[in-house]
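Chemist: I am attaching a structure below and will ask some questions about it afterwards.
The values are calculated or read from the model by the stated rules, or taken from the named source; none is laboratory data. Quick caveat, the model's predicted, so the values are computed rather than measured. Because the Cβ atoms are built from the backbone with ideal geometry, glycine has one as well, and the counts that use them run over all protein chains shown.
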Amino acid sequence: MYKAAVIGDRQSVMGFKALGLTVKFADTPQQAADELHSLAKNGHAVIYITEQLAASISADIAEYLDTPEVAVIPIPSKDGVLGIGDRELHSAVERAVGADILRSPDEN
Amino acid sequence: MARLNVNPTRMELSNLKRKLATARRGHKLLKDKRDELMRQFLDIVKNCQLLRLEVEKELQQAYQGFAAASALLPPEMLEQAFLYPKQSVEIDMSFKNVMSVSVPVYEIKTKTDDTADIFPYSFATTPGELDDSVMKLSELLQKLLKLAEMEKTVKLLAQEIEKTRRRVNALEYVMIPQYQETIRYIVMKLDENERGNTTRLMKVKDMMLQQAGYGEG
């Protein structure tokens, strides 16, 4: 049986505790990266991480990109949406198709 | 296109012809695989994008409740409220096969099914905004998990498509032209040898005729 976890700053991810998810608080990128690796080793199939932290440890997250057992999913924190999750989708499309075909022409 | 460095023999020629046939068949199969993967991928990506927008919006709403609660409660109290969660979540992960890529399928298992029974704190000492937020989050959980499933699928499919595309291109633009070029080279070489042989035979015949006294000169 697998578990789900959330990594983020105290204020944002506190509420997930009530749902029974594993919640790890991290204030620095280093802490977040350490938590990420230890959670991934301990049978967590899904790890949500706030975008603010995800932005600073993208190299650590990329390690799990091609691992089917661990999904690292960026979620917005209380400070708002940074669009990192969306950008990840775009980069996946770019990887597969060779060009970002999701982007509408009016964006740059 | 550079041809392969092989001896121009009949044996080599038939080997190459066999290899070319295999490469063509492989190319066709891989191309079909790539097209089908791409079709499924684009479907999932579009849904995934919509779901992400929805989840992001709802999460923001849930956070607002927490912000309100943390304004009303001291941080220690808030932490205490969540100290021992009632609910626990486990994920049943199985793998689905999409065009030979195994993608995860999550199924959620919660300890209590009653959504009203998840609050780990007393209602008397906490503000109502907190309850709303927790409620909203718990409703969101299913969607969050679906999002995780789809995003992982998207990433795994993207990897597979990239790999398949490379193989298709390698076959189409390198392997197959190389084989064709080499086959042409061997055929030409063999034909040339054959012509050389015929000329030599004619010459020898002439010489023999001449020796026997039948020559015209």
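Chemist: Just the residues that are more than 8 Å from chain A (Cβ to nearest Cβ) and over 30 Å from the mean Cα position of the chain (by Cα), please, taken from the range B:87-114. Step through it out loud before you land on a result.
Modeler: Applying the first criterion (more than 8 Å from chain A (Cβ to nearest Cβ)) to the range B:87-114 yields B:94, B:96-101, B:105, B:107-108, B:112-114.
Residues satisfying the conditions are B:Thr112, B:Asp113, B:Asp114.
Chemist: Can you find, within the range B:19-50, the residue that is nearest to the other protein chains (Cβ to nearest Cβ) among those that are in contact (Cβ under 8 Å) with a residue 40 or more places away in the chain and charged (D, E, K, R)?
Modeler: Ranking the candidates gives B:Arg34 first.
Chemist: Take B:Leu53 and tell me if it is touching an Asp or Glu at 6+ places or on another chain (Cβ under 9 Å) and touching a residue at least 60 places away in the same chain (Cβ under 8 Å).
Modeler: Details: touching an Asp or Glu at 6+ places or on another chain (Cβ under 9 Å): yes; touching a residue at least 60 places away in the same chain (Cβ under 8 Å): no.
In short, no.
Chemist: Now for a separate question. Name the single residue, out of those in the range A:1-15 being at pLDDT 85 or above and within 15 Å of the chain's Cα centre (by Cα), that is surrounded by the fewest Cβ atoms within 10 Å (Cβ to Cβ). If you could, list the steps in order and put the result at the bottom.
Modeler: At the first step, the residues of the range A:1-15 found to be at pLDDT 85 or above are A:2-9.
Then keep just the ones that are within 15 Å of the chain's Cα centre (by Cα); that gives A:4-9.
On the way: A:Ala4: 26, A:Ala5: 24, A:Val6: 26, A:Ile7: 27, A:Gly8: 27, A:Asp9: 17.
For the range A:1-15, the residue satisfying everything is A:Asp9.
Chemist: OK, next. Taking B:Lys163, is it over 23 Å from B:Arg39 (Cβ atoms) and assigned to a helix (DSSP H, G or I)? Walk me through how you get there before you give the answer.
Modeler: Details: over 23 Å from B:Arg39 (Cβ atoms): no; assigned to a helix (DSSP H, G or I): yes.
It is false that B:Lys163 is over 23 Å from B:Arg39 (Cβ atoms) and assigned to a helix (DSSP H, G or I).
Residue-by-condition table, conditions (1) crowded, with 18+ Cβ neighbours inside 10 Å; (2) under 13 Å from the mean Cα position of the chain (by Cα); (3) closer than 29 Å to B:Ser88 by Cβ; (4) within 13 Å of another protein chain (Cβ to nearest Cβ):
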residue: A:Ala33; (1), (2), (3), (4): yes, yes, yes, no
residue: A:Leu53; (1), (2), (3), (4): yes, yes, yes, no
residue: A:Asp60; (1), (2), (3), (4): yes, yes, yes, no
residue: A:Val70; (1), (2), (3), (4): yes, yes, yes, yes
residue: A:Ile75; (1), (2), (3), (4): yes, yes, yes, yes
residue: A:Gly80; (1), (2), (3), (4): no, no, no, yes
residue: A:Glu94; (1), (2), (3), (4): no, no, no, yes
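Chemist: Which ones in the range A:16-31 are crowded, with 21+ Cβ neighbours inside 10 Å, more than 17 Å from A:Pro74 (Cβ to Cβ) and either of a type in the set (A, V, I, L, M) or more than 8 Å from chain B (Cβ to nearest Cβ) (or both)?
Modeler: Those that are crowded, with 21+ Cβ neighbours inside 10 Å, more than 17 Å from A:Pro74 (Cβ to Cβ) and either of a type in the set (A, V, I, L, M) or more than 8 Å from chain B (Cβ to nearest Cβ) (or both): A:Ala18, A:Leu19.
Chemist: Return yes or no: is B:Ile118 facing chain A (nearest Cβ under 9 Å), surrounded by 13 or more Cβ atoms within 10 Å (Cβ to Cβ) and out of contact with any strand residue (DSSP E or B) (no Cβ under 8 Å at 6 or more places or on another chain)?
Modeler: When the stated conditions are applied, B:Ile118 passes them.
Chemist: Any idea how many residues of the range B:84-98 are surrounded by 18 or more Cβ atoms within 10 Å (Cβ to Cβ) and outside any strand (DSSP E or B)?
Modeler: Residues in the range B:84-98 being surrounded by 18 or more Cβ atoms within 10 Å (Cβ to Cβ) and outside any strand (DSSP E or B): 2 in total.
Chemist: While we're on this one: Within the range B:31-40, is even one residue closer than 24 Å to B:Leu144 by Cα and surrounded by 14 or more Cβ atoms within 10 Å (Cβ to Cβ)?
Modeler: Looking through the range B:31-40, at least one residue is closer than 24 Å to B:Leu144 by Cα and surrounded by 14 or more Cβ atoms within 10 Å (Cβ to Cβ).
Chemist: Can you tell me which residue among B:Ala81, B:Ala21, B:Ala67 is surrounded by fewer than 16 Cβ atoms within 10 Å (Cβ to Cβ), under 30 Å from A:Lys24 (Cβ atoms) and among the small types (Gly, Ala, Ser)? Break it down into steps so the answer makes sense when it comes.
Modeler: On the way: B:Ala81 fails: surrounded by fewer than 16 Cβ atoms within 10 Å (Cβ to Cβ); B:Ala21 fails: under 30 Å from A:Lys24 (Cβ atoms).
Result of the check over B:Ala81, B:Ala21, B:Ala67: B:Ala67.
Chemist: Out of B:Leu50, B:Leu42, B:Leu59, report the one residue that is assigned to a helix (DSSP H, G or I), within 17 Å of A:Arg95 (Cα to Cα) and at pLDDT below 95.
Modeler: When all the criteria are applied, what remains is B:Leu42.
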